[in-house]
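Undergrad: One structure is given below, represented as structure tokens, and several questions about it will come after.
The values are calculated or read from the model by the stated rules, or taken from the named source; none is laboratory data. Small disclaimer: the values here were computed from a predicted structure and weren't measured. Cβ atoms come from the backbone with ideal geometry, glycine included; neighbour counts cover every protein chain shown.
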């Protein structure tokens with residue numbers, strides 16, 4: 001009879017260390033939360049840990065580590081991050097280019113047959129196919145994986161990396177047991193949902209809102225319904241982390257008569273920060289860029305970002321934003337929003353918020369396609 005493993009993330013990490021891996025990098029994922037907690041709690045004793053801006057950056061970092069140390073790295077990610085991996089994986093790490101060995105640990109959201117949010121459904125269907133196309137062998141583990149089976153998976157990973165290839169371990173939901181949780185506090189007092197209530201009251205009836213993925217869109221959805229009985233003026237960017245600002249920019253450039261407010265998160269801005277330079281180069285006067293900064297990937301487990309403790313207003317100013325202000329209280333936010341709405345100047349308002357969020361936060365009742373239809377209808381009706 002095969003021995004059953006407890007699938008404790010800390011035990012998994014011990015086995016990974018036997019592969020010669022000493023560096024772990026990636027972008028946090030809720031499916032991998034116990035794993036991410038264990039890595040953070042390690043505190044650098046066994047592994048150097050880097051939370052990168054995006055998954056492609058982790059491939060770059062892993063390449064540099066290997067060239068300098070001859071050691072492969074572990075890269076962790078949600079399967080939605082595979083898109084960010086593809087270019088550096090295909091044009092740098094692949095065996096036909098430089099042949100850089102690395103181990104991917106991939107949280108499987110949207111697995112076929114498992115209920116999930118709309119942005120994960122298609123990505124879940126193509127996860128294995130993407131790895132196959134990228135010539136990355138893989139294995140799937142879950143809570144029923146035995147110790148013997150895990151050993152076989154990691155032996156296959158060792159062989160692939162010895163051949164200067166990559167290997168992926170796809171992790172199903174519920175695979176890792178909950179252990180000690182990594183807990184920290186960013187020191188800010190303004191609760192994000194309270195900041196969003198202020199924002200909705202000040203702009204919802206006068207502007208169209210583009211919101212980033214994660215809990216920000218869910219909180220906006222609930223609060224708009226509670227305050228106005230509608231959320232049709234919000235385009236909820238449920239996937240595509242880091243692209244909400246460019247969607248808002250496209251709207252603002254397409255129709256200068258409408259006011260657009262982009263509600264972004266700090267982790268999302270960090271993931272594709274180059275957008276700030278593009279927005280500042282041709283600044284639309286009808287766009288306000290809100291960045292809710294809690295210094296963490298809070299929607300997927302509250303792991304600090306790779307830029308935690310820093311601000312985005314200084315970067316926005318350096319990129320050329322005509323106006324960028326930082327606020328920490330509800331009163332400061334109200335004043336900044338009033339000023340931005342009255343003066344048609346492209347602006348960033350960075351709001352420092354706590355890590356607090358409701359455990360009973362709901363999810364949108366309609367599908368993403370319905371949100372698109374309702375938003376476009378509201379947009380068209382304002383033109384009449």
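Undergrad: Kindly provide the set of residues from the range 307-319 that are assigned to a loop (DSSP other than H, G, I, E, B) and either over 15 Å from residue 272 (Cβ atoms) or out of contact with any helix residue (DSSP H, G or I) (no Cβ under 7 Å at 6 or more places or on another chain) (or both), ordered by number.
TA: Once the filter is applied, which keeps residues that are assigned to a loop (DSSP other than H, G, I, E, B) and either over 15 Å from residue 272 (Cβ atoms) or out of contact with any helix residue (DSSP H, G or I) (no Cβ under 7 Å at 6 or more places or on another chain) (or both), the range 307-319 yields 308, 309, 310, 311.
Undergrad: Could you please tell me which pairs satisfy a Cβ distance under 8 Å, a separation of 6+ or placement on different chains, a first residue in the range 250-261 that is in the same structural domain as residue 289 (by TED's automatic domain parsing) and within 17 Å of residue 280 (Cβ to Cβ), and a second residue that is loosely packed, with under 15 Cβ neighbours inside 10 Å and at pLDDT below 95?
TA: 253/282
Undergrad: Got a sec? Which of 333, 337 is touching a strand residue (DSSP E or B) at 6+ places or on another chain (Cβ under 6 Å) and closer than 20 Å to residue 195 by Cα?
TA: Exactly one residue qualifies, and that residue is 333.
Undergrad: Among (1) assigned to a helix (DSSP H, G or I); (2) surrounded by fewer than 24 Cβ atoms within 10 Å (Cβ to Cβ); (3) not assigned by TED's automatic domain parsing to the domain that holds residue 94, which single condition is residue 184 missing?
TA: (1)
Every residue, every condition in (1) at pLDDT 95 or above; (2) surrounded by fewer than 18 Cβ atoms within 10 Å (Cβ to Cβ); (3) at negative phi; (4) in a helix (DSSP H, G or I), yes or no:
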site: 89; (1), (2), (3), (4): yes, no, yes, yes
site: 95; (1), (2), (3), (4): yes, yes, yes, no
site: 103; (1), (2), (3), (4): yes, no, yes, no
site: 127; (1), (2), (3), (4): yes, no, yes, yes
site: 131; (1), (2), (3), (4): yes, no, yes, yes
site: 136; (1), (2), (3), (4): yes, no, yes, no
site: 139; (1), (2), (3), (4): yes, yes, yes, no
site: 144; (1), (2), (3), (4): no, yes, yes, no
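Undergrad: Among the listed residues 112, 118, which satisfies the condition of being in contact (Cβ under 8 Å) with a residue 24 or more places away in the chain and at negative phi?
TA: Being in contact (Cβ under 8 Å) with a residue 24 or more places away in the chain and at negative phi holds for just one of 112, 118, which is 118.
Undergrad: Let me ask you something else. Restricting to the range 331-365, count the residues that are surrounded by fewer than 17 Cβ atoms within 10 Å (Cβ to Cβ) and touching a helix residue (DSSP H, G or I) at 6+ places or on another chain (Cβ under 8 Å).
TA: Of the residues in that region, 8 qualify.
Undergrad: Could you check, for the range 188-210, whether at least one of its residues is under 30 Å from residue 127 (Cβ atoms) and either touching a helix residue (DSSP H, G or I) at 6+ places or on another chain (Cβ under 6 Å) or surrounded by fewer than 19 Cβ atoms within 10 Å (Cβ to Cβ) (or both)?
TA: yes
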